[in-house]
Amino acid sequence: MNSSTDDLRALATTSLKKKAAFKSYVFVWGVVSALLVVIWFLASPGALFWPGFGIAGMGLAAVFIWWDAYGPFGSITEADIDAEVERMKKKP
């Protein structure tokens with residue numbers, strides 16, 4: 001294999017790892033959220049502890065993890081590098 005193919009495989013591997021990590025995080029988020037709600041329910045609905053903030057915080061984190069895995073800025077391609085080099089050459 002040549003260097004370009006190796007680089008592409010490395011980018012693909014990184015992308016797949018990020019996507020798998022996102023799916024795992026969503027699963028953990030669901031389990032933790034359910035556990036927090038059950039604890040809240042058993043402790044009594046009038047208790048000071050309310051799981052919404054923890055669930056919302058993990059949800060916000062899920063958005064950023066999704067963006068890292070599936071967003072448009074996930075990886076830099078050879079075309080991106082070439083375009084940046086050309087742009088830099090044009091600057092005085």
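Does Ile81 count as modelled with pLDDT under 90, part of a helix (DSSP H, G or I) and not basic (Lys, Arg)? Spell out how you get there, then give the answer.
Numbers: modelled with pLDDT under 90: yes; part of a helix (DSSP H, G or I): yes; not basic (Lys, Arg): yes.
Against the criterion (modelled with pLDDT under 90, part of a helix (DSSP H, G or I) and not basic (Lys, Arg)), Ile81 qualifies.
What pairs come out if I take residues in the stretch 43-58 that are over 12 Å from Val32 (Cα atoms) and of a type in the set (Gly, Ala, Ser) and pair them with residues that are surrounded by 11 or more Cβ atoms within 10 Å (Cβ to Cβ) and at pLDDT below 70 whose C-beta lies under 9 Å away, six or more apart or interchain?
Ala43/Phe49
The values are calculated or read from the model by the stated rules, or taken from the named source; none is laboratory data. Model, not experiment: these values are computed from the prediction. Cβ coordinates were reconstructed from backbone atoms using ideal geometry, including for glycine residues, and neighbour counts include every protein chain displayed.
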